[in-house]
1. Taking the condition touching a His at 6+ places or on another chain (Cβ under 7 Å) and either outside any strand (DSSP E or B) or at pLDDT 75 or above (or both), does PHE205 pass?
2. Yes or no: ALA604 in contact with a helix residue (DSSP H, G or I) (Cβ under 6 Å, 6 or more places away or on another chain) and free of Cβ contacts under 8 Å to residues at least 12 places away in the same chain?
3. Which condition from (1) open to solvent by 70 Å² or more (accessible area, probe 1.4 Å); (2) small (Gly, Ala, Ser); (3) modelled with pLDDT of 95 or more is the one that ALA523 breaks?
4. Which ones in the range 631-640 are more than 20 Å from THR608 (Cβ to Cβ) and either at pLDDT below 90 or of a type in the set (Lys, Arg) (or both)?
5. Looking at (1) open to solvent by 20 Å² or more (accessible area, probe 1.4 Å); (2) among the acidic types (Asp, Glu); (3) touching a helix residue (DSSP H, G or I) at 6+ places or on another chain (Cβ under 9 Å), which is the only condition ASP617 fails?
6. Looking at (1) under 30 Å from LEU392 (Cβ atoms); (2) hydrophobic (A, V, I, L, M, F, W, C); (3) in contact (Cβ under 8 Å) with a residue 60 or more places away in the chain, find the lone condition where PHE650 falls short.
7. Would you confirm whether any residue within the range 563-577 is closer than 26 Å to LEU411 by Cα, in a loop (DSSP other than H, G, I, E, B), in contact with a Leu (Cβ under 7 Å, 6 or more places away or on another chain) and of a type in the set (Lys, Arg)?
Amino acid sequence: MPEWPGRSARDQAIRRYVDEHVDRTPGPDLATPPALLLLGPHGSGKSSLLGYLEHWAQRLPLASVDLAAATPEGQGKTFFDALTEVVFRLQEVKDDHPPLVFPSFSVLLMAVVTGVSTQSRERAVQEMRAAFEPDGQDGQQEYAYEKLQPLIQGVAAAVGGVPAWVTQVIPVVRGGQRVRAAFEIRRRVAHAARDAGHQHGHMDFLVRVNRLFNGPSVQRDEAETLLMRAFLADLRAIYTGRRGRRRRNANCLLLLDNVDHEAGNRLLRLLLESRAAREHADPLLVVAAARTRPETLARREEGTLSAVLDYRTGSWPDGTVFEPVRVRGLSVGWLRDLSREEVLHHAAEVLKELPERAAQPEARDPAEWLGWVVYGATRGQPAATGVVLAALGRFPADTDWESRVRRCLALPRAAPGLDPGPAAAEQVLDRLLPHLETALWRALPSTAAALTPDQAEAAPGLLPNLSARNWYEAVATDVARPVVRFLLLRLLDAAPGDRGAGPWENACRILRAAAAGDERTQAYYDLACEDVAGAVGYLRRRFGAVPAAQWCADLSWLQRAPARWPGGLPEPARTRYERLVGGAVGDEAGQVITRLLVAGWITAHPRTDPCAELYEDPFGDPYAELYGDIAEDFRALRRLARDANDLFVFRERAEQYERKPW
């Protein structure tokens, strides 16, 4: 099948895994393909990936269901809604595959939606038998949909409204089977009872299923289990029958989005429990996606060594090959962020799509440069990467690229006169931090000034009350993402207040006070408030007192302090550098340290930097024009050093800044 254009290597690796388990060799043996659960936070590309798989697999027997979507009646999906929708979608006619029919499931489905007496079992059996008798005295007429319709409508009140899928599944199934005689009806009921593991009288069995389904929740659970077993039994019969073995050469594919919702969790649990039966086999390849671990997974993890369940690294052993982790009948994989190379690939696609004669980045390799800038901003977070690249491509064709990258994640409310059209900040926040309480939104920007979510939660006064702390704990993982922290800092920067005593300074003071006794952290918050002298003082005291490698690590760590954007946009790199350095004072070492600290605070760092994975402002120096100054200042420190190993470290650091970082 053709590749989906523009997909990341991550998505294509997962597609290859699915492809391996879709293809099968025709024959009498049926091997159950895996149930794959993909985990990933907001914006990790779960729905997009499932859409890609659906497009890729259009010619296969396929069902795709979003468990978070409302039913046509505007209600949340139940297990019954979900399973019925799955059956309906699997029945779609495919040119290359014989149609799928579900006789046992359809009989049970008719049974649960048939209105029968709740007072007398004998009368209920008679009513069920009457419902299943075909029209016509000679038994030769087709079972008419017109006869099913009042049955469906009659039970709607009892089950809280029958899903629209029921009215579509039954006529399709019945028309496909063309049941023409009472004998055939009884045979189908017998098959349904047998497949569900119950050897009862035919109509008595259907009455029992009806009462279970319309009874208390515990009984309904049993009826839903029977529906699942009948569904899988029909699939197994389709593939193992004489014609199925000869004509079917691909498994069915079931795509389930938002499976951590109640209906999805139940669907997954009943599927796995049914598969656990002895000698069970079916042709259903399941690919499910969830933001949080569904209860079904949590229960299967109990008693398993935690080291085995490292989905983030375990399912990507070398970053390119996808190998999900097996957890008691369930394969679990993590949707990793995009790699630097994948972001570069997408950046190249954006440049290719620009209008003819549009401005190009002023770099020897424009795609390498753009990929470096965007990866620095998003760290490969899929939703943010897509939104930022799309925004960069929306600017007027003659806009230079330094202006584009400086403005693409600016907040229109903080930058007077900024055209909100290409700006992507609000869209990224909406994708990565949806459905937050208003009170938490007011408190969140201040927490972005903290080094870590734990420090933000522990600092007295940063979060206003216990309720806000509880909310914050639920989103702390999302807040810690570099692109989210960067945008929350823009909100904090734009919050109203007096310069020097506004929300930004207040947050830094609270965090600095909470770090009493930790000079390095206090210097970090000094720099965040543009108290360059305080941070330089800490580094000057350390210079020569600790090995150069440790001193350079301290320098890099401090340079990750958050920075303000006066006027809502980053200053040009050289302008900001000269403003902050001014006339550097102190001895020669102090002056060099001042220049080094400020330049590295403004620019983004090479991949070899000791703190390369930590937060940094990605747009302060998009063309790395301060790299030459940094290299010269490291050479100056080398001349001031006295230890031979320190000489080597400073020379090596200077060499890292003698070439562009992309």
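1. Spelling it out, PHE205 is indeed touching a His at 6+ places or on another chain (Cβ under 7 Å) and either outside any strand (DSSP E or B) or at pLDDT 75 or above (or both).
2. So ALA604 fails the test.
3. (1)
4. Selection gives ARG639 alone.
5. That leaves (1) as the condition not met.
6. (1)
7. no
Yes/no per residue for (1) under 19 Å from THR378 (Cα atoms); (2) surrounded by fewer than 13 Cβ atoms within 10 Å (Cβ to Cβ):
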| site | (1), (2) |
| --- | --- |
| THR452 | yes, yes |
| GLU457 | no, no |
| ASN465 | no, yes |
| TYR472 | no, no |
| ASP478 | yes, no |
| PHE486 | yes, no |
| ALA494 | no, no |
| ARG499 | no, yes |
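The values are calculated or read from the model by the stated rules, or taken from the named source; none is laboratory data. Given the structure is predicted, the values throughout are model-derived calculations rather than measurements. We place every Cβ from the backbone using ideal geometry, glycine too, and count neighbours over all the protein chains shown. Only protein heavy atoms, including side chains, enter the accessible area calculation; ligands, DNA and RNA are left aside. Shrake-Rupley method; radii C 1.70, N 1.55, O 1.52, S 1.80 Å.
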